[in-house]
Structures are given as C-alpha cells and as structure tokens.
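The values are calculated or read from the model by the stated rules, or taken from the named source; none is laboratory data. Keep in mind that what you see is a predicted model, and the values were worked out from it rather than measured. Here the Cβ positions follow ideal geometry from the backbone for every residue, glycine too, while neighbour counts run over all protein chains shown. Just so you know, the surface numbers come from the protein's heavy atoms only, side chains and all, with ligands and any DNA or RNA stripped out. Shrake-Rupley method; radii C 1.70, N 1.55, O 1.52, S 1.80 Å.
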Amino acid sequence: MTTSRLAARDVRMVFGGVVALDRVSIEVRPGRVTGLIGRNGSGKSTLFNCLTGFLKPTSGTIELDGRDITGHAPHDVVRAGIARTFQTPRVDFRTTGRAAVVCGLYPSVKHGFVASLLGLPHARRAERHVQQRADEVVERMKMQAWAASKVSQLSMGRVRTVEVARAIAADARYVLLDEPAAGIGRDELRVLAGEIRALADRGIGVLLVEHNFSLIRMLCDEVTVVDTGSVIFKGTPDEARREERVMSLYLGSAAAGEA
Ligand SMILES: Nc1ncnc2c1ncn2[C@@H]1O[C@H](COP(=O)(O)OP(=O)(O)OP(=O)(O)O)[C@@H](O)[C@H]1O
Ligand SMILES: [Mg+2]
C-alpha cells in the first residue's frame, strides 16, 4: 500500500556553479497545508519548478503517490493532478478572467478534440460541465463583478486571484501556490486565505510559499524552512516561531513585525 503524497526526496539542483537546492526533501499530503518559507533566493521557486516538471533535478527524485515522476514534462504533471501558480503570474493578458479559469478546467475534461469538433453529445455535456464549473469557481473566488474584464485591465491582486482560480479549477489533488498573496489587497487576501484552507478541507494537498508569517500561522499545518538551498527546520508554525534560527531570518524583513 502506498500513502498518497507528493514528495521531493534528496533533491539537488545546481545551476552552473550555484547550488540552488542541496538534498531537499519535502512532503505534501492530502488535506494539509504545508508552508515553504525562507529568505529571497533560498530555493523555494526552484523546488516548485522541480516538483512540477519545469526543471529536472540534478539529482534526487520527485514522487507522486509512490510513483517516480522525476523529469516528467509539465503538461504530464498537470494531468497527473498537480496544479500550480507562478511567483510572476503566467496568465494570458488578452483573455478575460473567466476564460482563464475555463483554461484551467481543460486538463480534467475527458473528451477529445475530434469529438468536440463533431459536436458529439458527450462533448457537449463536457462543455456544459466546464461552463458550470467555471461559474462555481468564479463565484467561490468572488470574481463575479470583474470576471468578464480582460486580464490586462485587472489589478495585480485580481490577476493573482485569477491564477489561483485557474489552479483550483483544474480539480488537482495537489495545489502549489508560489507567493499567491504578494501584492494583493486585504479583501482579496481574506477570500484567498479562506479558499486555501477550504482546499485542504476538501482533501487537497497544498504547498504554500509565503513571506507573511501571520498568514503562514493562520493557514499551515506544518512548515519547512529553507536557507541557501538547505532545509533548516521542519515543524508546526508555532514550533517555527519559537525557533530562533527561523525567526532571525525574518529580522529586518517586512514580515518581522507580523511574526
Ligand atoms: N534558471 C536559473 N538559472 C540560474 N540560477 C538560478 C535559476 N533559477 C534560480 N536560480 C538561482 O537559484 C537560487 C534560488 O532561487 P529561487 O528563485 O528558487 O529562490 P526563492 O526562494 O524562490 O526566492 P524568492 O523569495 O526571491 O522568490 C538563487 O540563487 C537564484 O539566483
Ligand atoms: Mg521564489
């Protein structure tokens, strides 16, 4: 029997002479929010890229529910049930917020392109399902008032909301969020925080990169702290807060006052 989890094992990632990750292991488990924290340049986004197929680790493995998926292409990783957002949002700025959410739904639609061209009944059913599900996600993320606007006309906070909505729409079993709260307003943050917790409550495994420690405390069941490419701490947010090594990383940063 294999336990469900998305895991990095002993992952090392070297760029030229730079060791971005040095034997990093982490587990993302269903129904739990795992925080990934660390200073700028400590390797958090690099780990996301390794977990989602955007980078192939120099060594070490990525496992999905006990299966080795190291080096699988990003589109295969999405199809296997892992959705992500990017630190710099990657949303098509020419489409609308709702259209971006619809895009997120397609990996989970089980009908082929040809069937859809021929207008077969099951393709039409799938299309109805997509539209219904998009409406649900738009409503859940409180996007109704502006979902029809072009992404290029939205504030950074809304663009991030669209990206998270697209990831949620994908019906993934694991959702990886790289600084989803950066640059977003207080109301959007409240909706986002509620949705992140709700994902875990529905049994989805969440990995969250976030600099704001109070948000980490509010949302995470456990945290992994990385510094210059190495894991320096694993435990609960409260344990992390009592750990001087961890808190010293926050000193001098904007998050220090919030810890
Ligand atoms: N494609 C790349 N080529 C070369 N070096 C890279 C590449 N990607 C990341 N790095 C280096 O790897 C290290 C880790 O970067 P990474 O972006 O993973 O950090 P991070 O923890 O996400 O930082 P931040 O909090 O600023 O987002 C840094 O030294 C960075 O310069
Ligand atoms: Mg980063």
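Taken as a whole, the condition of being away from ligand 1 (no atom under 15 Å from the Cβ), closer than 25 Å to G157 by Cα and touching a residue at least 60 places away in the same chain (Cβ under 8 Å) applies to V33. Among the residues in segment 101-120, are any modelled with pLDDT of 90 or more, touching a helix residue (DSSP H, G or I) at 6+ places or on another chain (Cβ under 8 Å) and either in a helix (DSSP H, G or I) or open to solvent by less than 90 Å² (accessible area, probe 1.4 Å) (or both)? Yes; the residues of segment 101-120 include at least one that is modelled with pLDDT of 90 or more, touching a helix residue (DSSP H, G or I) at 6+ places or on another chain (Cβ under 8 Å) and either in a helix (DSSP H, G or I) or open to solvent by less than 90 Å² (accessible area, probe 1.4 Å) (or both). Here is the figure for segment 36-66: residues that are more than 8 Å from ligand 1 (Cβ to nearest atom) and under 17 Å from the mean Cα position of the chain (by Cα) total 10.
Among the residues making up segment 197-216, a single one is open to solvent by less than 20 Å² (accessible area, probe 1.4 Å), touching a Pro at 6+ places or on another chain (Cβ under 7 Å) and more than 16 Å from ligand 1 (Cβ to nearest atom): G205.
Residue pairs whose Cβ atoms lie under 8 Å apart, separated by 6 or more positions or on different chains, with the first residue in segment 39-56 and open to solvent by 10 Å² or more (accessible area, probe 1.4 Å) and the second near ligand 2 (Cβ under 10 Å from one of its atoms) and in a helix (DSSP H, G or I), are F54/F48; L55/T46; L55/N49.
Looking only at segment 217-229, decide whether some residue is open to solvent by 30 Å² or more (accessible area, probe 1.4 Å), in contact with a helix residue (DSSP H, G or I) (Cβ under 7 Å, 6 or more places away or on another chain) and in a helix (DSSP H, G or I). Yes: segment 217-229 contains one or more residues that are open to solvent by 30 Å² or more (accessible area, probe 1.4 Å), in contact with a helix residue (DSSP H, G or I) (Cβ under 7 Å, 6 or more places away or on another chain) and in a helix (DSSP H, G or I). In the set (1) touching a residue at least 40 places away in the same chain (Cβ under 8 Å); (2) away from ligand 1 (no atom under 16 Å from the Cβ); (3) more than 29 Å from R79 (Cα to Cα); (4) of a type in the set (D, E, K, R), D227 fails one condition alone, (2). Of everything in segment 173-190 that is open to solvent by less than 40 Å² (accessible area, probe 1.4 Å) and farther than 19 Å from P74 by Cα, the residue that is nearest to ligand 1 (Cβ to nearest atom) is E179.
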